[in-house]
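Contents: one structure, followed by commentary.
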Protein chains: 2
Amino acid sequence: MKVVRAEIIAIGDELLYGQIVDTNSHWISQELDLMGVKVVRKTTVGDDRKDILAAFASAEARADIILITGGLGPTQDDLTKPLLAEYFDCPIVEHTAAVEAVTEFFRKRGREITPLNILQGHLPACCTYVPNEVGTAPGMWFERNGNYWMSMPGVPHEMKKLMRNFVLPKLPTLFSLPVIVHRMVKTVGIGESWLADLIRDWENALPKTIRLAYLPSLGHVKLRLTGFGTDKTTIENAIQKQIDMVLPRIEKYVYGYDSESLETAIAKLLTTNKKTVALAESCTGGYISHLITGISGSSSYFQGAVVPYHNRFKNEILHVKNDTLNSFGAVSEETVREMATGVRGLFQADFGLASSGIAGPTGGTAEKPVGTVWISCVGEGFVETKKLQLTQDRILNIQLTAVAVLNLLRICILEK
Amino acid sequence: MKVVRAEIIAIGDELLYGQIVDTNSHWISQELDLMGVKVVRKTTVGDDRKDILAAFASAEARADIILITGGLGPTQDDLTKPLLAEYFDCPIVEHTAAVEAVTEFFRKRGREITPLNILQGHLPACCTYVPNEVGTAPGMWFERNGNYWMSMPGVPHEMKKLMRNFVLPKLPTLFSLPVIVHRMVKTVGIGESWLADLIRDWENALPKTIRLAYLPSLGHVKLRLTGFGTDKTTIENAIQKQIDMVLPRIEKYVYGYDSESLETAIAKLLTTNKKTVALAESCTGGYISHLITGISGSSSYFQGAVVPYHNRFKNEILHVKNDTLNSFGAVSEETVREMATGVRGLFQADFGLASSGIAGPTGGTAEKPVGTVWISCVGEGFVETKKLQLTQDRILNIQLTAVAVLNLLRICILEK
């Protein structure tokens, strides 16, 4: 079976100058991957005629599907539409339905349409107009010599809607797609090399139809198993067999599979065990609460949080003893334990969690340098505390502490 | 003056399959841009011999500097090092200093080194070894036919350290760099088209040496002015003159310039005015506190926050009246006003902020659909409230609410 090859071209000076992050290419990759379309390359070029035309030409030579994002705004720096017209050698003409749609878009929102916006309804004569329900720049679909092209706005939720409503449903009608299965085994609390050492002989004995990759990220290592074949169930079973073989060696580090995050794994554990949690976040400043409440349904197990940024509020709101604060300091095992105990009582939660540390870049001392963090989990009949020695980077310290606190909670739910 | 052209090549199947986001290319772009090096293309390829070698060859034909990230891990799926050796036609040999460094890296951390890790000290004979102080995969620098190449690990903080310590200081010694000045004017609370309409005649009258771009992102639109020339001060003055001309029309939307974020702009306002703030975050679940405390020094104006995820705690901790909660509901002007008042009192802050809404995707009603959010800012002698009608997307709603709350605070500090 022929592999269907896709390329993604992101257009915009702002992407090359590093002024905005291209999250679109990542999302498109994920969606195509799920369908068995192989993304072979992602390219980012600036708002430059020659570079854009060169990217079109080399993508056409390599790929079956070319997905283009960006450069469709109403302003003068946007070149994608005129260059597509040039590349496909056809004029830009007024497209009645597209002009109507953009006019309606403004009317619905009670806003006056501008002449610039009306021009967004003018399109290359050789493209298929694809309505954009959530924005003003339409999608444009082109076909030539067996290649398919889609141009979409760079605004993420507009691009996603066009992909979901039009491109993704269309692909299976154009190609016979291969069967690829990915499974992800997610670990926390062990580094890549140690994990590799634990499972090397298993890895070396994997069948040729299954590929393994290690994907490290902040405090986590993900193992990705990719299986190739002709029948989905057969591949899934082969991968599951391999996971069952390796699991006993790494079980205590595994928090979940596939799209599961540490937050959703904890959501499941708390829901299953009918337990609730509350947080006292000092150095993490609300970040852990944000991770937990980012999940729909979190109100069933998340009671609330306090960010007591000064000692005074650690005492007044969480009842940390002033003696403790004075004798051991805010960043200490004693304080973090009382914070966790206090917030557990305040919110009447099953588990109380706390963080207190020196996130940096300032505030460190010889005894407690930047990156010193204490965390705690308190529950019925137990108190767990842990000291972390992290980095010089404030944001990284906040993120790493969050992972450590969530992992401590995970272990406490499982073991207590 | 010759423009120095750079290309960035990110290597790894995980980037094409969409399993991790490439934040490295974005960061590298920003740093090169500041030095006047023009990034002309970013390319992402998978762990595939042919694709990687093709990307090397086409980058060499176009760019003066090629920066490569990823594919340097100790595991078997990492191909960058052997393919660089192949491309530059030289053998991989044991590099004494590199082996010592990786051994020392493990010794310092009290961990046993693995045979896989020792191999990370073996390098192509034709490269310059660049020590990686924070990880196990060394940097590798190559020179050939007037082109310069740097290969770095994909782990962001390792790549950054190698860029900062080695690549960025080296570039001015290799090239005579042009002078490019970017300035960013940052607005909040107005859409791209409306902003464009407000300033169109100014935009059309810009001199040819200054380019304008509109960069929309969540709730913000940034105006980027890019000036080209030979003298930095002359360009800066020319850009400043244009900003001074346009500012009176858009002043109330402008919160800052360049790398300033809405959070840092507020930090400055609060510090200058010697004011403090506290937050009651219901639907935003700690996200606004996280944004504020992500900034070093925030403890001087941030008092603390409460995330009262249930009505009961809105009453017990923030003293929102049960009558109010029963009569108007948690998502109401009345409740959010009492939350802001309560948290202001609890933390004895100058400004109390509050959010309460239906972030979704569940929990909506006909009267209060998903995306309905109330926000409030309370200070000495005033109470401001605002209703937002946002999207169906939980995370987007949290982010948009955060921008709206921070902007409300900004306006209150300026006007009250």
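How shielded is B:153-166 by partner chains, expressed as the average number of their Cβ atoms within 10 Å of its Cβ atoms? Mind dumping the intermediate values first?
Values: counts 1, 2, 4, 3, 5, 0, 0, 1, 0, 0, 0, 0, 0, 0.
Whole-number average of other-chain Cβ neighbours for B:153-166 is 1.
Cβ-to-Cβ counts within 10 Å put B:Cys283, A:Cys412, B:Cys126 in ascending order as B:Cys126, A:Cys412, B:Cys283, the fewest first. When the Cα gyration tensor is reduced to axis lengths a ≥ b ≥ c, the ratio a/c stays below 1.5 for region B:5-174, which is therefore classed as rounded. Mean residue ellipticity at 222 nm, helices only, chain B: -12000 deg cm²/dmol; runs of at least 4 DSSP H residues each add -39,500 (n - 2.57), and the sum is divided by the number of residues. For region B:233-385, the antiparallel share of DSSP beta bridges with both residues in that region comes to about 55%. Going from the residue with the fewest nearby Cβ atoms within 10 Å to the one with the most, B:Lys275, A:Lys108 rank A:Lys108, B:Lys275.
Exactly which GluC sites (Glu not before Pro) in region A:24-130 are in a DSSP loop and have at most 15 other Cβ atoms within 10 Å? Here the GluC sites (Glu not before Pro) that fit, given the DSSP loop and packing criteria, are A:Glu112.
Taking the label point 7 Å along Cα→Cβ, A:Gly364 and its counterparts in the other copies are spaced 4.8 nm apart, in ascending order.
Relative to its residue count, region B:360-416 spans a Cα convex hull of 72 Å³ per residue. Label point of A:Lys108 (7 Å along Cα→beta-carbon): distances to the other copies' equivalent points are 5.7 nm, sorted ascending.
Principal-axis analysis of the Cα atoms of chain B puts helix B:394-415 at an angle of about 70° to the longest axis. Applying 1/(1 + (r/R0)^6) with r as the Cβ-Cβ distance of B:Phe228 and A:Val3 and R0 = 35 angstrom yields a FRET efficiency of 0.20. The distance between label points at A:Thr75 and B:Glu86 comes to 4.4 nm (points 7 Å beyond Cα on the Cα→Cβ vector). Rounded to 0.05, the FRET efficiency of the A:Met245 and B:Ile243 pair, given R0 = 60 Å and the Cβ-Cβ distance, is 0.40. Between B:Glu100 and B:Ala54, the simple spin-label model (points 7 angstrom out along Cα→Cβ) gives 4.3 nm.
The two copies A and B are related by a rotation, and the chain A beta carbon nearest its axis, with distance in whole angstrom, is A:Gly286, 2. The distance between label points at A:Met35 and B:Thr365 comes to 4.1 nm (points 7 Å beyond Cα on the Cα→Cβ vector).
The other copies place their A:Gln240 label points at 6.8 nm from this one, listed shortest first, where each point is 7 Å from Cα along Cα→Cβ. At full extension, B:Ser299 and B:Leu177 could sit 39.9 nm farther apart than now, given 0.36 nm per residue minus the alpha carbon distance.
Every pair of different Cα atoms in region A:262-415 enters the Kirkwood calculation, which places the hydrodynamic radius at 15.1 Å.
Roughly how crowded by other chains is peptide B:191-200, in terms of the mean Cβ count from those chains within 10 Å of each of its Cβ atoms?
Numbers: counts 2, 6, 11, 3, 1, 7, 6, 0, 0, 5.
Across B:191-200, the average partner-chain Cβ count within 10 Å equals 4.
Just rank A:Tyr129, A:Tyr309, fewest to most, by other beta-carbon atoms within 10 angstrom. Kindly include the intermediate steps, with their values, before the conclusion.
Working: A:Tyr129 17, A:Tyr309 28.
Fewest-to-most ranking of A:Tyr129, A:Tyr309: A:Tyr129, A:Tyr309.
Checked against a 30 Å cut-off, the cross-linked pairs A:Lys268/B:Lys108; B:Lys170/B:Lys208; B:Lys186/B:Lys321; B:Lys232/B:Lys275; A:Lys42/B:Lys222; B:Lys314/B:Lys386 give Cα-Cα distances beyond that limit for A:Lys268/B:Lys108; B:Lys170/B:Lys208; B:Lys186/B:Lys321; B:Lys232/B:Lys275.
Any read-out appearing in this document is the output of simple, stated calculations on the displayed coordinates, not a laboratory observation. From a predicted model like this one, the values you see are computed outputs, not experimental measurements. Note that we place each Cβ from the backbone using ideal geometry, even for glycine, and neighbour counts take in every protein chain shown.
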